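J.: Attaching a single structure in structure tokens format; questions to follow.
Please treat every number below as a calculation from the coordinates, not as lab data. This structure is a prediction, so every number in the text was calculated from the model and none was measured. Cβ coordinates were reconstructed from backbone atoms using ideal geometry, including for glycine residues, and neighbour counts include every protein chain displayed.
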Amino acid sequence: MNPTKRLFLLSSLGAALLLAGCKDASQPGPGAAAPAPPAAVSAPVSIEAITAEAQGFNVGSTMSARTVYVFFDAQCPHCAALWEAAKPLKSQARFVWIPVGLLNENSTLQGAAILASADPVAAMEQHEVSMREKKGGIAPAGGDAQKQAVGRNTQLMTKFGFPSVPTIVGKHAQTGELVTIDGALPTAALAAKLGLQAPGA
């Protein structure tokens with residue numbers, strides 16, 4: 001194979017793998033909750049457990065019969081991509097965004113700041129704009145209660161054996177079957193996985 005062509009193919013494969021999701025690749029810094037160690041045996045994924053134990057914020061109609069849960073890290077660029085991709089679907093489902101602390105010290109602190117905000121959706125939007133502009137996101141904030149909530153969210157995610165963020169959990173809108181998605185997807189693909197109608201379809 002032509003060396004130039006081979007280099008291009010390897011670069012393309014690397015880019016494709018990077019789109020999947022973010023994994024814990026660093027040690028936590030001061031003030032950050034350490035990621036929970038992987039469980040020896042993962043617990044079965046349970047929407048009931050997520051509903052009861054996780055703390056997040058709602059995007060979309062709180063009266064929607066369809067609920068989709070998203071484990072995300074505030075420092076994860078793939079989570080930012082999913083944030084944008086999910087927006088056109090919020091009229092069809094309630095998305096519950098659940099912050100975890102996996103990637104670095106700001107993961108927990110910024111996740112706590114979003115939870116502590118009077119308007120978490122606006123805080124998340126402000127955060128993602130700042131991240132896209134390479135400004136680092138919103139200022140770390142939140143009290144011990146919010147930081148502990150992010151820690152519990154992280155432990156719950158780890159208990160289920162989810163390997164990276166974002167991780168999406170819900171029920172297929174047509175079949176009712178449990179759906180778990182590891183990584184970000186474009187809007188149309190996300191809609192198809194969840195049994196929702198893609199915009200413009």
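J.: Rule-of-thumb check for region 77-159: C-alpha Rg over 2.2 N^0.38 Å?
T.: That works out to 1.07 for region 77-159.
J.: Same structure again: According to the Cα gyration tensor, what semi-axes, each the square root of 5 times an eigenvalue, does the equivalent ellipsoid of region 22-194 have, listed from largest to smallest in whole Å?
T.: Ellipsoid half-lengths, sorted descending, are 23, 19, 15 Å.
J.: What is region 22-194's relative contact order, in percent, from Cα pairs under 8 angstrom and six or more apart in sequence?
T.: Reported as a whole number, the value is 32 percent.
J.: Which of PHE162, PHE95 has the fewest other C-beta atoms within 10 Å, and how do the rest follow up to the most?
T.: Taking fewest neighbouring Cβ atoms as first place, the list is PHE162, PHE95.
J.: Keeping to pairs on different chains or 8 or more places apart, tell me how many lysine pairs in region 22-194 have Cα atoms under 21 Å apart.
T.: Number of lysine pairs found: 10.
J.: Next question. At a Förster radius of 22 Å, what calculated FRET efficiency corresponds to the Cβ-Cβ distance of VAL45 and ALA198, to the nearest 0.05?
T.: 0.30
J.: Quick one: net charge of LYS87's neighbours, Cβ under 11 Å, K/R +1, D/E -1?
T.: In short, -2.
J.: Please identify the GluC sites (Glu not before Pro) of region 112-201 that satisfy two criteria: DSSP loop assignment and at most 15 other Cβ atoms within 10 Å. Which are they?
T.: GLU133, GLU177
J.: So, one more: Based on Cβ point charges of +1 for Lys and Arg and -1 for Asp and Glu, what charge dipole magnitude is obtained for region 77-153 about its Cα centre, in debye rounded to the nearest 20?
T.: 160 debye
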